[in-house]
């Protein structure tokens, strides 16, 4: 098949949707399909070993869901997309975040192929863009032949505004990159138990609750360390100052680490902690930790509860609750036998999210939608 994968986000900047698309492209290519990726890009050229990349539009940063979305907001590229669609002759156009401005909309308007949309976002308090643009977006939504959500949480969000059936096919992970046989970070292998936090410096990631919980943990245990991995920011500086004023020992702000080292940090950790407070569509970081053999303590929020079970691969606690977080951390820190059991169960769970399985599921979905579209009687009501 000739498959077009479309993203609204700057493909030159690492992000969850971009990584999802890149992994699909690679595995689709391995399966013998011809893949083209199209998205805005802040880089002049992007060379990929498994797909061609076509840049459409210049991205700008806009606040969205507690983060910043780098998207194109220009409608001047509609003719360029029409030319791409006409020239490439896609069998499938798969748009990710189909209703986000503005590149996916251009593709849906121009497409004569089978159109698939994947919805990635989840927000418990709803989505303002969907709410205020519902009437206009219905036209683009109607061009979708198949609809995928990466989690039940993502399906619940979009179905508030656009009811219908959403096939849940989750994000995947590279199980060759994330695995328990990696070499740990040597300087952190000194006999202390390591708690790892990994995330962007955003309030919704909940690091402030983990810092307060860790202060409680240190009052009971002195052989434990908190390692914080993520790019520095003003928020990070404020959190570092908070730790210093209170004299909390063994808090390591590792800052930005190269992507190739991230799995080693998971492998080094005795517990991975995700104290996020909400708006997470899928617990990808939890799956990555499981794949590396790391037990988890995480907030019981939409997106996280969908990928792990309390008491099996880790512990789920109330969000925004430093006391509950500290209690769960202490339970696992004091029980190496329980951590070892969670390690085995987590690794088994992570295998279900390998990109080999996920990409095969999506190809199967393409084929089913194509068959149904070529046989419209299949969707007709039976005669009585």
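The values are calculated or read from the model by the stated rules, or taken from the named source; none is laboratory data. Values in this document were obtained by computation on a predicted structure and should not be read as measured data. Cβ: placed from backbone, ideal geometry, glycine included. Neighbour counts: every protein chain shown.
Odds and ends about this structure:
- Looking only at residues in the stretch 33-48 that are without any contact (Cβ under 8 Å) to a residue 40 or more places away in the chain and touching a helix residue (DSSP H, G or I) at 6+ places or on another chain (Cβ under 8 Å), the one that is surrounded by the fewest Cβ atoms within 10 Å (Cβ to Cβ) is 48.
- Wholly enclosed helices (runs of 4 or more DSSP H) of the stretch 38-138 bearing at least 3 residues over 27 Å from residue 167 (Cβ atoms): 78-88
- Long-range neighbours under 6 Å by Cβ, at least six apart or interchain, first residue on the phi > 0 side of the Ramachandran plot within the stretch 209-231, second surrounded by fewer than 20 Cβ atoms within 10 Å (Cβ to Cβ): 230/199; 230/200; 230/201
- Condition check for residue 372: assigned by TED's automatic domain parsing to the domain that holds residue 156, surrounded by fewer than 19 Cβ atoms within 10 Å (Cβ to Cβ) and outside any strand (DSSP E or B): yes
- Only one of 84, 93, 30 that is exposed (fewer than 14 other Cβ atoms within 10 Å of the Cβ) and farther than 19 Å from residue 14 by Cβ: 30
- When each of 102, 95 is tested for being touching a helix residue (DSSP H, G or I) at 6+ places or on another chain (Cβ under 8 Å) and either at pLDDT 95 or above or outside the structural domain of residue 303 (by TED's automatic domain parsing) (or both), the lone residue that passes is 95.
- Sole exception among (1) under 23 Å from residue 277 (Cβ atoms); (2) buried (at least 16 other Cβ atoms within 10 Å of the Cβ) for residue 160, by number: (2)
- Residue-level analysis places residue 166 among those that are surrounded by 18 or more Cβ atoms within 10 Å (Cβ to Cβ), in contact (Cβ under 8 Å) with a residue 40 or more places away in the chain and assigned by TED's automatic domain parsing to the domain that holds residue 373.
- Hey, residue 374 in contact (Cβ under 8 Å) with a residue 40 or more places away in the chain and closer than 30 Å to residue 94 by Cβ or not: no
- Residues (surrounded by fewer than 23 Cβ atoms within 10 Å (Cβ to Cβ) and outside any helix (DSSP H, G or I)) located in the stretch 1-27: 1, 2, 12, 13, 14, 15
- Residue 240 being farther than 25 Å from residue 292 by Cα, in contact (Cβ under 8 Å) with a residue 12 or more places away in the chain and under 18 Å from the mean Cα position of the chain (by Cα): no
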